[in-house]
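A.B. asks: The structure that follows is given in the form of structure tokens.
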Amino acid sequence: MSLRTAYKPTGSKLLLPITFLFIIILILFIAELGASVGEENKYIAYWSAPPVNSSQGKGPRPTYPNWRWKDYGSDSPDGISRFFFRSYTMIAELIHLPIHHYFLLSRKRNLHPIAALVLTFVFFGLWFTQMFWAVLYSLMDENLDEPTTERVSKAAIAFIVLVDLLYLVYFGCAARQVHVWRKARKAAKLEERAERRVGGLGEGQGGVELVDRKQSVEARSETV
């Protein structure tokens, strides 16, 4: 059994639901970005020319936007920084998932078990930190009355938790596969050493027979 065929990527089946959930998270994030722009424009339009109701004074005040892309009021815009802390794992996944799928679906199955172990550990950590920032921003948001973007954000957090759990299971499968690979590697080395020993003994016996024949020939020549 060769070292390459000893690796059976059973945990790689989890990459399909991970990819499916990632697409949902990406769609929700894009929807949140679109809603954030709409909420901010509505908020700015209200305060630039607030409607007046004769019975209630001003009309209903729109909610304070969770994402601030423009500079207004006492708060500085945080859209760019929020975008980075909410999307760095998604950007990494856009690069990682196609490569991971390519190596798993190729005929040679070139994805080494150690590579699978490292990748799953790295992306488990990335999604865990992504979940932390998503929860933190959700708790920091002051807008709680009509939180359109907050609802989308909380839905995305639930899917992020599922992706992180799947990566954790995939990590466990990859760790087991590394153990199988190391065991097969050790067995292959022992088999190679045994073959070398057998070959060395054969060469040694042949050398002894050659020396005996040479000595007998020399003895005969001396007697003659």
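A.B. asks: Hey, could you check the range 104-140 for residues that are modelled with pLDDT of 90 or more and among the β-branched types (Val, Ile, Thr) and say which is farthest from residue 29 (Cα to Cα)?
C.D. replies: The qualifying residue farthest from residue 29 (Cα to Cα) is 118.
A.B. asks: Could you tell me whether residue 145 is among the acidic types (Asp, Glu) and modelled with pLDDT of 80 or more?
C.D. replies: no
A.B. asks: So which of 64, 46 ends up being at pLDDT below 80, more than 31 Å from the chain's Cα centre (by Cα) and assigned to a helix (DSSP H, G or I)?
C.D. replies: 46
A.B. asks: Please give the number of the condition residue 223 fails out of (1) over 35 Å from the mean Cα position of the chain (by Cα); (2) at pLDDT 75 or above.
C.D. replies: The one condition residue 223 does not meet is (2).
A.B. asks: Pick from 83, 124: which is of a type outside the set (S, T, N, Q), over 15 Å from residue 170 (Cα atoms) and touching a residue at least 40 places away in the same chain (Cβ under 8 Å)?
C.D. replies: 83
A.B. asks: Oh, and also: I'm told residue 98 meets every condition in (1) surrounded by fewer than 14 Cβ atoms within 10 Å (Cβ to Cβ); (2) at pLDDT below 90 except one. Can you identify the failing condition by its number?
C.D. replies: Residue 98 satisfies all of (1) surrounded by fewer than 14 Cβ atoms within 10 Å (Cβ to Cβ); (2) at pLDDT below 90 except (2).
The values are calculated or read from the model by the stated rules, or taken from the named source; none is laboratory data. Here the structure is a predicted model, which means the values were calculated and not measured. Neighbour counts run over all protein chains shown; Cβ positions are idealised from the backbone, glycine included.
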